[in-house]
Structures are given as C-alpha cells and as structure tokens.
Amino acid sequence: MADETQTLDDNRPRGTAATAPAVDSAAPWRSVWITRLVVTGIVLAALNLRPAITSLGALLEEARAGLHMSGSVAGLLTSVPPLCFAVFGIAAPRLARRFGPAAVVCAGMAAIATGLAVRPFTGGTASFLAASALALMGIAVSNVLMPVIVKRYFPDRLGPMTGLYSMALALGTSVAAAATVPMTESLGGSWRVGLAVWAGLAALAVLPWIGLVRNREQGREQGRGAAGRSTADNQDASASASAPRIRRSPTAWALACFFGLQATGAYITMGWMPQIFRDAGVSAGTAGVLLAVTMVMGVPLAFVIPRLATRMRNQGPIVVALGLSGLTGYLGLLLAPAAGAWAWALLLGVSNCAFPLALTMIGMRSRTGAGVARLSAFAQSTGYLIAIPGPLLVGVLYQHSGGWELPIGLMAVLIVPQIAVGILAGRDRTVEDEF
C-alpha cells in the first residue's frame, strides 16, 4: 500500500514529513498497528452481518408459534432484511462523509448488538419487527461501507481483502445457521435465549472500530493546523463532486439488478430453506445443518471467487457458472428435496457465492473511492429494493398452495434474468467510462 499512511490519516498534509520528524519515526509502527486493527474490524464486522437473519431462519417455526404469526406475516418477516438494507443503506455514504466510515460502522455494530439483545424478549410481532429493524439498520450501513473501507485501506489488495471479508461473512452466516438450534437446546430450549446469544458476538465487533475512531480523532488533534484540515476537506469535497452520476450508468443499473436478484435468492434460502426441508420430513436440527452447509460453501469460495474475478477482464463466465449451479439445486429441491438434500444444499451454496462476486464487481466498476461509495450505495440499496417482494411472495405462495412447487419454481425462474444482468455487469468497464 504505497500511500497507506496518507489514506489512514486523511487529514495530514503531505508536507508534514519534512517538519515533524518525531512523528514520522513512529509512523511505520502506527501504520502496522492500524492495518491490523482494520483487518480485525473487517473480519468481526463481516461475521455479524448475517447471524441476525440465519439464526432466525433456523428457529422460524418456533418464533412463529411464540409470536402467533401466520405464514404471510412470517414471509413479511423474511422480507424485512432487504427492506431495511434498501432504506438505510442509501444513507451510508452521506453518513460516512459526515462522521467517517469507521464511526458509522462502529455505530452499526452497536445497533446490531442492541437489536439482537432486545428482539427475542419483546412482547409481540410489531416490537419484534422493530428490534429486528434496529439490528438490520446496523447491518445495512455496514453492508454498504465494507467495499468502501476495503477500497480505501487496501486499494492494491482489493481481491484478497474482499475475499477475506466475504469469507468471514459466509462463516458467520453458516455458524449461526448450524449452531442456533443445538445451542438453543443446550441453553434450556427457549428460542428467545437461542436468538439473544448472538448479541455477544456483535458487541465484540464494536471494540476494534472504537479503536479506529479514537485513532482518527487523536490524529486530528495532533499536529494538524487549519491548513491541514482545509486540505483534507477540499480533497473530500473534490472526490464527492467527481463521483459519477450513478443513475445514468447502464453498468450501475446492471450491477444493481444483479445484486438484487442474487439477494432475492439468498434471503429466500436463508429464510425458508430449513422449512422446505422440515416439510419434506427432515428434522429441525438436520435442516439447520443443511442451511449451514449452504452457507459454509461461501467460506472457501468467497475467498477464491474475488481473487479470480479481479484477474479476469470479464466476470461473465463466473456469473453463468454460479447461475447454473442454482438452477440445478432448485430443480433438485423440486423433485427430491429429502433424498438429495445434501447435494442441493451444496449446489445452492455455490450459487449464493454470487454475493462476493457482486461485491468484487462493485470495487472494480469505479476508479475512485468516492465512486465506489456511490456505486455501492446505489447497487445495494436498489438491489435490496428489488429483493423485497421475493421472500414475501414465497410465504404467500406457500400458505395458499399448501406446498413448495410454486415457490421453488419462482426461485428457479429468477435465476435466468440474474445470469443476463450479471453478464452485463461483468463487462470490462467502469461507470466513469459511461459519462
């Protein structure tokens, strides 16, 4: 990282090195320490971006009974994540410009911890949804800012760091899916306790981001005059002004649609796949493990796919391969859900790796940090708006048809446009090229 020190300390004038040798003598140590803190923060944040969803998916039937929810309301519950991601994610770039990305992610982790701690012990469906929304708000802003932070701190290691972040996200997703049911049983069988324990992991994730925020504030107080602050402010304003007008970019729209369609499949899977297997005669514990298998496929592949994608000029072939895996998995769920359960879980896990691919393409489709921030907010917020109807529609179809044929057919059909827009989003160009 040739200019890592300048990036990590964006308020210091470049001329400081000649006038403050004492400060510079500590710069290498400080740079290494901050880099390690950033990596720790990214990993812990990523671990917390899905347990709020997959832990509930594993205990959805118990939560429905405890809160007296119908199938349609449960479908609404599975649509809340993309709704919150769309609504709150769009504000992330503005919040980051005002408070700094580290401070916003720190607040996001605190919101996740609070929401997860409060949610299980609320008195009814409305308050349960409100507490869930608080946790999901924290996830939303962190979702948007993770590609920005990776681009900002590791501009020359975009593929490996996106892979590390995606791998940690997949690990947190799968562990929550697999461990929630047995952990709930070991803690006395209360689904409320089983959901609440994940607040502890979110609270742990707050700590490195507090360190980064404090370092940023201390940096502002040490040896920075008005000229230094003015220079940084002008640089930020220039970057914001030069950020591309995203809504006019065909590539941005293709990326947003690709993100939305892959999110639709992912949230239907996380919210409903355990129920599909349970209705096919699979036990609750095994259904949770099958969901974990689907999610854990993202651990190795989420590290490999971003590295592969950054080495390719066009990511279309990866899009097609992932889409075909999804089509095969849905066909298997339709024809033999219990007999081939492990194979279908594996194939759908491969298909869900469209998510780290989408994150990687967000970082590749703009030249500047400001452009990545705008593109990330637009692609994710618009994409999650596209994803909102999917889980709800699955719940309605399930309740009114009494089976899974129509919902699974819908999931399979949505793979086709996902492949088409993914090929367009994977073309070798940046959004700046389109203006």
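The values are calculated or read from the model by the stated rules, or taken from the named source; none is laboratory data. Being a predicted model, the structure only gives us computed values, none of them experimental. Positions of Cβ are generated from backbone atoms using ideal geometry, with glycine treated the same way; all protein chains shown enter the neighbour counts. Keep in mind that these areas ignore ligands, DNA and RNA; they rest on the heavy atoms of the full protein, side chains included. Shrake-Rupley method; radii C 1.70, N 1.55, O 1.52, S 1.80 Å.
The table below lists the values:
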| item | result |
| --- | --- |
| Extreme residue, surrounded by the most Cβ atoms within 10 Å (Cβ to Cβ), among residues of the range 409-435 that are assigned to a helix (DSSP H, G or I) and of a type outside the set (A, V, I, L, M, F, W, C) | Gly422 |
| Selected residue [open to solvent by less than 50 Å² (accessible area, probe 1.4 Å) and either at pLDDT 85 or above or not polar (S, T, N, Q) (or both)] from Val38, Val32, Val23 | Val38 |
| Hey, Leu375 part of a helix (DSSP H, G or I) and open to solvent by 30 Å² or more (accessible area, probe 1.4 Å) or not | no |
| Options Leu116, Leu136: the member that is over 18 Å from Ile42 (Cα atoms) and either modelled with pLDDT of 90 or more or not in a helix (DSSP H, G or I) (or both) | Leu116 |
| Residue match in the range 85-94 (condition: touching a Phe, Trp or Tyr at 6+ places or on another chain (Cβ under 6 Å), crowded, with 19+ Cβ neighbours inside 10 Å and either over 22 Å from Ala387 (Cα atoms) or at pLDDT 85 or above (or both)) | no |
| Odd one out for Leu392, checked against (1) within 30 Å of Ala280 (Cα to Cα); (2) out of contact with any Gly (no Cβ under 7 Å at 6 or more places or on another chain) | (2) |
| Sole exception among (1) touching a residue at least 60 places away in the same chain (Cβ under 8 Å); (2) hydrophobic (A, V, I, L, M, F, W, C); (3) closer than 19 Å to Ser166 by Cβ; (4) open to solvent by 30 Å² or more (accessible area, probe 1.4 Å) for Ala338, by number | (3) |
| Helices (runs of 4 or more DSSP H) lying entirely in the range 157-221 (those with 3 or more residues that are among the hydrophobic types (A, V, I, L, M, F, W, C) and open to solvent by 50 Å² or more (accessible area, probe 1.4 Å)) | 158-186, 198-221 |
| Yes/no for Val289 being out of contact with any Phe, Trp or Tyr (no Cβ under 7 Å at 6 or more places or on another chain), open to solvent by 10 Å² or more (accessible area, probe 1.4 Å) and within 23 Å of Glu405 (Cα to Cα) | yes |
| One residue from Leu406, Leu392 being surrounded by fewer than 24 Cβ atoms within 10 Å (Cβ to Cβ), over 16 Å from Val320 (Cα atoms) and without any contact (Cβ under 8 Å) to a residue 40 or more places away in the chain | Leu406 |
| Pair list, Cβ < 7 Å and 6+ apart or interchain, from the range 356-369 residues that are open to solvent by less than 40 Å² (accessible area, probe 1.4 Å) to residues that are part of a loop (DSSP other than H, G, I, E, B) | Leu357/Gln315; Met361/Gln315; Met361/Gly426; Arg365/Thr430; Ser366/Pro244; Ser366/Thr430 |
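Residue by residue, here is whether (1) assigned to a helix (DSSP H, G or I); (2) within 30 Å of Ser249 (Cα to Cα); (3) in contact with a helix residue (DSSP H, G or I) (Cβ under 9 Å, 6 or more places away or on another chain) holds:
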position: Leu290; (1), (2), (3): yes, no, yes
position: Arg307; (1), (2), (3): yes, yes, yes
position: Asn314; (1), (2), (3): no, yes, yes
position: Val319; (1), (2), (3): yes, yes, yes
position: Tyr330; (1), (2), (3): yes, no, yes
position: Leu333; (1), (2), (3): yes, no, yes
position: Ala345; (1), (2), (3): yes, no, yes
position: Thr360; (1), (2), (3): yes, yes, yes
position: Arg367; (1), (2), (3): no, yes, yes
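Here's the yes/no breakdown for (1) open to solvent by 60 Å² or more (accessible area, probe 1.4 Å); (2) over 30 Å from Thr40 (Cα atoms); (3) in a helix (DSSP H, G or I); (4) not β-branched (Val, Ile, Thr):
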residue: Glu61; (1), (2), (3), (4): yes, yes, yes, yes
residue: Gly66; (1), (2), (3), (4): no, yes, yes, yes
residue: Val104; (1), (2), (3), (4): no, no, yes, no
residue: Met109; (1), (2), (3), (4): no, no, yes, yes
residue: Pro120; (1), (2), (3), (4): no, no, yes, yes
